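First up is the structure itself, then whatever we jot down about it.
Here, each number is a calculation from the coordinates, and none is a lab measurement. In this text, all values refer to a predicted model and were calculated from it rather than measured experimentally. Glycine gets a Cβ as well: all are built from the backbone with ideal geometry, and neighbour counts include every protein chain shown.
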Amino acid sequence: MTNLSTDHDHYFDQILESAIVASWASLMRGTASIHIEYDVTPSGALDYLQIWSCITRGHWLLVCEYQRATLESHGSLRFHNGYQSEDLARILKAVIEHPKAFILPQKLDRARLVQIATPTKKESTAAAATVSDVLDRINSAPPEPALA
């Protein structure tokens, strides 16, 4: 198993939030709330991911989703409802392929929810720096073995 941990460890929730915040300008159409729902298998692989947007109170739209590959299908990230972001897709692809590069939740195999409000400029700058650091570490590390 590849261990990318350094003095810049990042929690899985934190990198998902940073991915959204860093991609906000290319993804969102103004002010919104975002919910990220995901689950990590006991082996540490991302099982599923759904990102939802709320532009109008009480009205949620699916932004994108990922479902781990099964015997019948290949895992892939799909955008919905007119949402698209190459930046977010690139970041999430790296996160999906390298989940053990992050500090995973203590209790795996349980659905998680991360909520994000419209970020400030300072939050967007910090998220972009976090994403850049993580992608640099992932890209400079040897490949991880496939997770079941």
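Summary value for segment 12-138: 36 percent relative contact order, contacts being C-alpha pairs under 8 angstrom separated by 6+ residues. Segment Glu86..Thr125, full-extension length gain: 12.2 nm, with 0.36 nm per residue of separation and the alpha-carbon distance subtracted. What translational diffusion coefficient, to the nearest whole µm²/s, does segment 12-138 have by Stokes-Einstein, given a Kirkwood radius computed over alpha-carbon pairs, a temperature of 4 °C and 1.567 mPa s viscosity? Stokes-Einstein gives a translational diffusion coefficient of 87 µm²/s. Between the residues Tyr38, Leu108, Thr118, the greatest Cα displacement towards the positive end of the dipole of segment 12-138, with unit charges on the Cβ of Lys, Arg, Asp and Glu, is found for Thr118. Judged by the mean number of other Cβ atoms found within 10 Å, the most tightly packed of the peptides 24-30, 91-97, 40-46 leads the ranking 91-97, 40-46, 24-30. For Lys107, the aspartates and glutamates whose Cα falls under 16 Å of its own Cα, not counting residues fewer than eight places away in the same chain, are Asp13, Glu37, Asp39, Asp47.
Relative to the Cα centre, what is the charge dipole magnitude of segment 12-138, using +1 at the beta carbon of each Lys and Arg, -1 at the beta carbon of each Asp and Glu, and rounding to the nearest 20 debye?
240 debye
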